[in-house]
1. Please go through the stretch 1-34 and pick out each residue that is open to solvent by 50 Å² or more (accessible area, probe 1.4 Å) and within 14 Å of the ligand (Cβ to nearest atom).
2. Give the number of residues within the stretch 99-121 that are surrounded by 15 or more Cβ atoms within 10 Å (Cβ to Cβ) and at pLDDT below 95.
3. Note down all Cβ pairs under 8 Å where the first residue falls in the stretch 25-39 and is closer than 21 Å to Ala104 by Cα and assigned by TED's automatic domain parsing to the domain that holds Glu61, the second is within 10 Å of the ligand (Cβ to nearest atom) and open to solvent by 10 Å² or more (accessible area, probe 1.4 Å), and they're at least six residues apart or on different chains.
4. Which of the residues belonging to the stretch 144-173 are open to solvent by less than 20 Å² (accessible area, probe 1.4 Å) and not charged (D, E, K, R)?
5. Between Ala124, Ala150, Ala133, which is in a loop (DSSP other than H, G, I, E, B), touching a strand residue (DSSP E or B) at 6+ places or on another chain (Cβ under 6 Å) and either in contact (Cβ under 8 Å) with a residue 60 or more places away in the chain or within 14 Å of the ligand (Cβ to nearest atom) (or both)?
6. Considering only the stretch 6-41, state which residues are of a type in the set (A, V, I, L, M), within 19 Å of Asp165 (Cβ to Cβ) and in a helix (DSSP H, G or I).
7. Tell me whether the stretch 78-96 contains one or more residues that are open to solvent by 10 Å² or more (accessible area, probe 1.4 Å), within 12 Å of the ligand (Cβ to nearest atom) and either of a type in the set (Val, Ile, Thr) or farther than 24 Å from Ala184 by Cβ (or both).
Amino acid sequence: MEYRKLTVQEALERLLPPQPTCILFHTHPDADAIGSAFALAAFLEAQGSCCYCLCADEVPERLSFLNEGLQQSVLPSSLPDGFENARFISVDTASPSQLGALYALYGDRVSLMIDHHETGTPYADHLIVPDAAACGEIVYDLIAASGKEAPGVCDSLLYAAISGDTGGFRFSNVTKETHLRAAALVERGVDVAEISHKLFGVKSFPVLRAERLGFDKLHLYDKGKVGISAISFEDKQFNKLQDEHLSSVVDVVRSVEGVEIAVVIRQIEKERAFRVSMRANVDFDVAAVCAKFGGGGHRRAAGATVEAKDVEEAERLVLDAIQKS
Ligand SMILES: [Mn+2]
């Protein structure tokens, strides 16, 4: 199936006519996915569309301030009546697999993908802008290009989206435009300190336990340039950790002096599937490494799912793929 690449104007033509609208975003949702979805929803509601945001996974506790007061649950089971003939839009979701259970339910009904991932498998006509550091930047541009007023809640949601995907404006994806969009949002009254504190200043006990575990499991290879922390299902259980607690472990690995490529591997369930997160501190294409396992992402931040019999084998497979790149 060939899908069309749309311009901002064409995307707006599909977005603006009032119609019940479901906005889908990826599993293990982050601030960019949630912020982009709810900002787009608030904007389209102001234009006369009734909107509902959906994800195969619930919003994690630490990000629940984003959808608080807007929508209680994002699980498909919470979808109210009235969306039978809805328009389906996805944000921040590069491939069908990232939609998780939503793909079987609604995948063939998506009429527009709004995304910023360089590598992925389009499943609908799309507005993909790889230069955007966050999907929130694209939603920002769509709103701006529409010439229509956006409700105030959009500003904080988009700021959180952009701040989230740039690590608080620290990552290599940040451009002058990223700052200009953020500056315009700040000018409109976004509380930078509050959002930054909620996104980066606070860690729950489970997250801190996860970071300690991740550090304990860290192995360095190739004279310390490659750091891999591999966490088994038993490790997670013993430390009472859910997968959502492990997302910052890769930042612990990449903060180790000398590490150029940081990897976290975690066993998803008590089975052969291992989720891999990869970050490059130097110019190295981790998306290409992840593509070897059917994954993808950005040049310096990517992910994949690897099949292996145990966590040691998963670590060997990933290390091998890095060393052969
Ligand atoms: Mn994103």
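The values are calculated or read from the model by the stated rules, or taken from the named source; none is laboratory data. Note that the coordinates shown come from a computational prediction; the quantities given were computed from them, not determined experimentally. Neighbour counts are summed over all protein chains in view; Cβ atoms, including those assigned to glycine, are modelled from backbone coordinates with ideal geometry. Ligands, DNA and RNA are excluded from the accessible area calculation, which covers all protein heavy atoms including side chains. Shrake-Rupley method; radii C 1.70, N 1.55, O 1.52, S 1.80 Å.
1. His28
2. Here the count works out to 4.
3. The qualifying pairs are Ala33/His26.
4. Initially, the stretch 144-173 is screened for residues open to solvent by less than 20 Å² (accessible area, probe 1.4 Å), giving 154-155, 157-163, 166-167.
Of everything in the stretch 144-173, those that are open to solvent by less than 20 Å² (accessible area, probe 1.4 Å) and not charged (D, E, K, R) turn out to be Cys154, Leu157, Leu158, Tyr159, Ala160, Ala161, Ile162, Ser163, Thr166, Gly167.
5. The conditions single out Ala124.
6. Residues satisfying the conditions are Ala31, Ala33, Ile34, Ala37, Ala39, Leu40, Ala41.
7. Looking through the stretch 78-96, none of the residues is open to solvent by 10 Å² or more (accessible area, probe 1.4 Å), within 12 Å of the ligand (Cβ to nearest atom) and either of a type in the set (Val, Ile, Thr) or farther than 24 Å from Ala184 by Cβ (or both).
So that you can scan it fast, the table gives a plain yes or no per residue for (1) open to solvent by 50 Å² or more (accessible area, probe 1.4 Å); (2) touching a helix residue (DSSP H, G or I) at 6+ places or on another chain (Cβ under 7 Å):
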| site | (1), (2) |
| --- | --- |
| Glu257 | yes, no |
| Val264 | no, yes |
| Arg272 | yes, no |
| Met278 | no, yes |
| Phe284 | no, no |
| Cys290 | no, no |
